[in-house]
2 protein chains.
Amino acid sequence: MSRYRVAVHIIPREGILDPQGHAVADALRTLGFPGVQDVRVGRHVVVETDADTAEAARTETRAMCERLLANPVIEDFEIASITRS
Amino acid sequence: MSRYRVAVHIIPREGILDPQGHAVADALRTLGFPGVQDVRVGRHVVVETDADTAEAARTETRAMCERLLANPVIEDFEIASITRS
C-alpha cells in the first residue's frame, strides 16, 4: 500500500449555464479587466488515498467522482494528476 | 490580440481548516472508500481572456486572482495552464 495524491477537476459541462462564472466574468470586467471573455468556475479536489498502485488509485478516484464528487448531469470531471505522497 | 484560456487552481492554504474537505472525506469513507486519508476542496477557474502574449495573459490572470478570485488570507492559487483558444 502506498499513499497517492490524486487531483481532480470538476467543471460545468459545455452548454450548461454557469451563473457563478458569468458573475465572476462581469465582476472582472468591472474591476478593469476588459479582455475577459468567459469564466467557468468548477472545483479542484485533491484526494489523498491509500492504494496498491497508481492505476488502482486512479480507478478508485474515478469511482468516487461518479458516486459523490461530481454530478454527471451537469458536470464533467477529469483526473488531473496522480503523485505518490 | 489572441485569446487565451488560463486555468487556475485555488486551494485552501496548508494548515487552514477545510471543513468541506473533511465532510467529503468522511462521506467517501462511509460510501466504501476506506483508504481515503484526506480531501481538500478548492476551486478550478478557467478564464478566457484576450491578451497580446501568453505572458501577458499570465500576468493579468495573476492580478485577477489577487484582486478577486482568491482570498490570500486562507487560499493559495497557482496558474495551472495557459493555452491559446
- Task: Return the long-range amide H neighbours of A:Ala80 (sequence gap of 5 or more, or a different chain), with a cut-off of under 5 Å between placed amide H atoms.
- Result: A:Ala7, A:Val8, A:His9
- Size of charge dipole - region A:2-84 - debye, nearest 20, with Cβ of Lys, Arg +1 and Asp, Glu -1, no other charges: 180 debye
- Task: Report, in whole Å, the centroid distance computed from the Cα atoms of region A:58-81 and region A:9-23.
- Result: 16 Å
- Message: Show me the trypsin sites (Lys or Arg not before Pro) within chain B that DSSP assigns to loop and that have at most 16 other Cβ atoms within 10 Å of their Cβ.
- Response: B:Arg13
- Item | Rg over Rh, two decimals, chain A (C-alpha only, Kirkwood Rh) | 1.12
- Alpha carbon convex hull of the protein assembly as shown, projected area averaged over orientations, nm²: 10.1 nm²
- Here the relative contact order (percent) of chain A, from C-alpha pairs under 8 Å and at least 6 apart, is 52 percent
- Message: List the residues, sorted by chain then number, that are 5 or more residues from B:Gly42 or on another chain and whose placed amide H is less than 5 Å from its amide H.
- Response: A:His44, A:Val45, A:Val46
- Note on the structure: Interchain or sequence-distant (5+) residues whose placed amide H lies within less than 5 Å of the amide H of A:Gln37 are B:Glu48, B:Thr49, B:Asp50
- In whole Hz, what ³J(HN,Hα) sequence does region A:41-52 give by Karplus (6.51, -1.76, 1.60; θ = phi - 60°), x for Gly and Pro? 10, x, 10, 10, 10, 10, 10, 9, 9, 8, 7, 6
- Message: Quick check for you: with a 1.4 Å probe and neighbouring chains kept, what is the accessible area per residue of region B:2-84, in Å²?
- Response: 52 Å²
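The values are calculated or read from the model by the stated rules, or taken from the named source; none is laboratory data. As the structure is a prediction and not an experimental result, all values here were calculated from the model. Counting neighbours? That spans all protein chains shown, and the Cβs are built from the backbone with ideal geometry, glycine included. What goes into the accessible areas is simple: the full protein's heavy atoms, side chains included, and nothing from ligands, DNA or RNA. Shrake-Rupley method; radii C 1.70, N 1.55, O 1.52, S 1.80 Å.
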